[in-house]
Amino acid sequence: MTAPSTPRRAPARVPPARVFARTCAAEWTRLWTVRSTWWFPAAAAVVMVGIATVAGLEAGSDPVPPEGGSAWRMAGVPALPGQFALLALALTAVTSDYATGGIVPTLQWTPRRAVLFLARTTVAVCVATAFGTLLALAAAVAAFTAARPVLVLPVEGLGVLPDVAFVFAAGAALAVGLGFLLRHTATTLVTVFLLMLVLPLMLPNLGVEWASALADALPGAGAAFLLIGEVPGMTRTSSVVTLLCWAAGALLLGWLRLARDDANR
């Protein structure tokens, strides 16, 4: 007589939170093992700290220097051009996988597309936001150091950093969502550049009411208001809502394409 076979145990189900944490760790490793990743924060640092330093030197050499001016302004102004380096970092974290065909083995290792989408978005947005906030702080310190004692750096001025962080987070989320949607680095980069800079600057100059209204509805106008505060027709509430809507809309469209379309098409 043969011994009765023992039933096999079903494999233990890994909790979704653990899968998400492991996927985030894999995305973090993947991001920082690519050499080009390091160039984006370096470019942002050169732009933001460089502009702030030049502005500080000019303020310090002014024959009638603006005594008591706040150096915290240099946390937001250089972030307007410097953000594009970090937005490029966020979008290439998505599109590079499609360019190399690596998205196929990626989904074989992480077949839960929702987990992959959330992990890749979380890592890219957090990295871009952290670098943007730190570089904004460094820019303010650089301007203060270059113009000292003309400019001051009061502690209460730290309140500008949450605005900078929000702009970088919303912009990075927009870039990630468009990356999942368009799946092409150049196309996504041009689209982000148009939405965040070119169209908000160009449309109001057309002298048409609808063009100005459209410009105010673009994410670049909201980012400009929060960073420099000189956008006619914008308020803090409208700026925040505009950025949130664009970021959420882009992420939703990107998720729908990832969930429904073949990854290699």
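The values are calculated or read from the model by the stated rules, or taken from the named source; none is laboratory data. Since the model is a prediction, treat every value here as computed from it, not as a measurement. With ideal geometry, Cβ positions are generated from the backbone for all residues, glycine too; neighbour counts draw on all protein chains shown. Only protein heavy atoms, including side chains, enter the accessible area calculation; ligands, DNA and RNA are left aside. Shrake-Rupley method; radii C 1.70, N 1.55, O 1.52, S 1.80 Å.
Computed quantities for the displayed model
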read-out	value
Conditions (1) touching a strand residue (DSSP E or B) at 6+ places or on another chain (Cβ under 7 Å); (2) surrounded by fewer than 16 Cβ atoms within 10 Å (Cβ to Cβ): number failed by GLY159	(1)
Flag for VAL123 being within 30 Å of PRO16 (Cα to Cα), of a type in the set (Val, Ile, Thr), within 17 Å of the chain's Cα centre (by Cα) and outside any loop (DSSP other than H, G, I, E, B)	yes
Residues of the range 50-70 satisfying the condition of being modelled with pLDDT of 85 or more, open to solvent by 40 Å² or more (accessible area, probe 1.4 Å) and of a type in the set (A, V, I, L, M, F, W, C)	ILE51, VAL54, LEU57
Any chance ARG9 is among the basic types (Lys, Arg), open to solvent by 40 Å² or more (accessible area, probe 1.4 Å) and at pLDDT below 85	yes
Any hit, the range 72-81, residues being among the β-branched types (Val, Ile, Thr) and either within 12 Å of VAL176 (Cβ to Cβ) or part of a loop (DSSP other than H, G, I, E, B) (or both)	yes
Condition met for ALA221 (open to solvent by 40 Å² or more (accessible area, probe 1.4 Å) and either assigned to a loop (DSSP other than H, G, I, E, B) or of a type in the set (A, V, I, L, M) (or both))	no
Residue count, the range 24-44 (criterion: open to solvent by 60 Å² or more (accessible area, probe 1.4 Å), free of Cβ contacts under 8 Å to residues at least 24 places away in the same chain and either under 13 Å from ALA124 (Cβ atoms) or assigned to a helix (DSSP H, G or I) (or both))	4
Unmet requirement for SER96, which otherwise passes all of (1) in a loop (DSSP other than H, G, I, E, B); (2) in contact with a Gly (Cβ under 8 Å, 6 or more places away or on another chain)	(1)
Looking only at the range 132-149, and only at residues there that are more than 23 Å from the chain's Cα centre (by Cα) and crowded, with 20+ Cβ neighbours inside 10 Å, the one that is farthest from ALA90 (Cα to Cα)	ALA147
Residue in the range 228-235 that is open to solvent by 10 Å² or more (accessible area, probe 1.4 Å), modelled with pLDDT of 90 or more and part of a helix (DSSP H, G or I) present	no
Long-range neighbours under 8 Å by Cβ, at least six apart or interchain, first residue closer than 14 Å to VAL164 by Cβ within the range 82-93, second aromatic (Phe, Trp, Tyr) and open to solvent by 10 Å² or more (accessible area, probe 1.4 Å)	LEU86/PHE40; LEU86/PHE131
Counted residues, the range 245-265 - those being loosely packed, with under 14 Cβ neighbours inside 10 Å, among the charged types (D, E, K, R) and either under 21 Å from the mean Cα position of the chain (by Cα) or not in a helix (DSSP H, G or I) (or both)	3
Count of the range 115-130 residues which are touching a residue at least 12 places away in the same chain (Cβ under 8 Å) and either polar (S, T, N, Q) or over 16 Å from THR92 (Cβ atoms) (or both)	8
Any hit, the range 153-165, residues being at pLDDT 90 or above, in contact with a Ser or Thr (Cβ under 7 Å, 6 or more places away or on another chain) and of a type in the set (D, E, K, R)	no
